[in-house]
Amino acid sequence: MFAVPLPPSLAGKAVFRRLTVTLAWFSPVNPAHRTYRRAKLWLTPPQTELAVKRTNSVYDKAAQRGTLQHEVLEGEDALAYLDGTNIECKVNCAADAGDLTAKIRFALCLTLEVEQGIGLPIYHRKFESELLRRFRFSRECLERFRLN
């Protein structure tokens, strides 16, 4: 289970939000099996925490085929949550084509976008401190991508 903090300034605001979730991995192969991928990974995108719904036209099971799952979710309803609330995302793994004996490395990326010009302090020092603590970002990396 991976948890990413929600910006406190979005709580109670009816603004457009887009959550993009991407999961990618390299799977060991079994050439003697028709599906040939030994590992199947998938995630269920967090929808209730942000009041967002799927917008891409791909059927949810089709998005789980292959070794890349990309989901786009959008919403604009107001939502209530407390400071310190997280988006939680669980990555699942199962054997698909024979026994799975190796560890599977994967990358998970969650991007939260809001409409321009809303005047909310989405990015601030307290939020930055939480990101630094949880994800081992360097301060130089955060300075490079700072939006304000």
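What residue, among those in the range 5-29 that are of a type in the set (A, V, I, L, M, F, W, C) and part of a strand (DSSP E or B), is nearest to Gly75 (Cα to Cα)? Don't jump to the end; show me each part of the working.
Of the residues in the range 5-29, the ones of a type in the set (A, V, I, L, M, F, W, C) are 6, 10-11, 14-16, 19, 21, 23-26, 29.
Narrowing the set further to residues that are part of a strand (DSSP E or B) leaves 19, 21, 23-25, 29.
Working: Leu19: 9, Val21: 14, Leu23: 21, Ala24: 24, Trp25: 28, Val29: 38 Å.
Selected residue: Leu19.
Of all residues in the range 66-103, how many are among the aliphatic types (A, V, I, L, M), in a loop (DSSP other than H, G, I, E, B) and surrounded by fewer than 16 Cβ atoms within 10 Å (Cβ to Cβ)?
Taking the range 66-103 as the starting set, the residues that turn out to be among the aliphatic types (A, V, I, L, M) are 68, 72-73, 78-80, 82, 87, 91, 94-95, 97, 100, 102.
Add one more test, that the residue is in a loop (DSSP other than H, G, I, E, B), and what stays is 78-80, 82, 97, 100, 102.
Then keep just the ones that are surrounded by fewer than 16 Cβ atoms within 10 Å (Cβ to Cβ); that gives 78, 80, 82, 102.
Number satisfying all stated conditions: 4.
So which of Val91, Val114 is out of contact with any helix residue (DSSP H, G or I) (no Cβ under 6 Å at 6 or more places or on another chain) and closer than 30 Å to His33 by Cα?
Exactly one of Val91, Val114 is out of contact with any helix residue (DSSP H, G or I) (no Cβ under 6 Å at 6 or more places or on another chain) and closer than 30 Å to His33 by Cα, namely Val91.
Please state which one of Leu73, Leu43, Leu6 is under 27 Å from Leu100 (Cα atoms) and touching a Leu at 6+ places or on another chain (Cβ under 9 Å).
On the way: Leu73 fails: under 27 Å from Leu100 (Cα atoms); Leu6 fails: under 27 Å from Leu100 (Cα atoms).
Unique residue meeting the criteria: Leu43.
Find all pairs meeting these conditions: Cβ atoms under 8 angstrom apart; at least six residues apart or on different chains; first residue within the range 95-109 and closer than 10 Å to Ser27 by Cβ and of a type in the set (D, E, K, R); second residue modelled with pLDDT under 80 and surrounded by fewer than 16 Cβ atoms within 10 Å (Cβ to Cβ).
Asp96/Thr35
Quick check, is Ile118 over 19 Å from Ala3 (Cα atoms), out of contact with any Ser or Thr (no Cβ under 7 Å at 6 or more places or on another chain) and either modelled with pLDDT under 80 or in a strand (DSSP E or B) (or both)? Even if it seems obvious, please write down each step before you answer.
Details: over 19 Å from Ala3 (Cα atoms): yes; out of contact with any Ser or Thr (no Cβ under 7 Å at 6 or more places or on another chain): yes; either modelled with pLDDT under 80 or in a strand (DSSP E or B) (or both): yes.
Yes.
From the list Thr55, Thr44, pick out the single residue that is more than 23 Å from Met1 (Cβ to Cβ) and either in contact with an Asp or Glu (Cβ under 8 Å, 6 or more places away or on another chain) or polar (S, T, N, Q) (or both).
Of Thr55, Thr44, the one residue that is more than 23 Å from Met1 (Cβ to Cβ) and either in contact with an Asp or Glu (Cβ under 8 Å, 6 or more places away or on another chain) or polar (S, T, N, Q) (or both) is Thr55.
Which of the residues belonging to the range 29-49 are buried (at least 16 other Cβ atoms within 10 Å of the Cβ) and more than 19 Å from the chain's Cα centre (by Cα)?
Of everything in the range 29-49, those that are buried (at least 16 other Cβ atoms within 10 Å of the Cβ) and more than 19 Å from the chain's Cα centre (by Cα) turn out to be Asn30, Arg37, Arg38, Ala39.
The values are calculated or read from the model by the stated rules, or taken from the named source; none is laboratory data. Owing to the predicted nature of the structure, the values given are computational and were not obtained by experimental measurement. Positions of Cβ are backbone-derived with ideal geometry, glycine not excepted, and every protein chain shown enters the neighbour counts.
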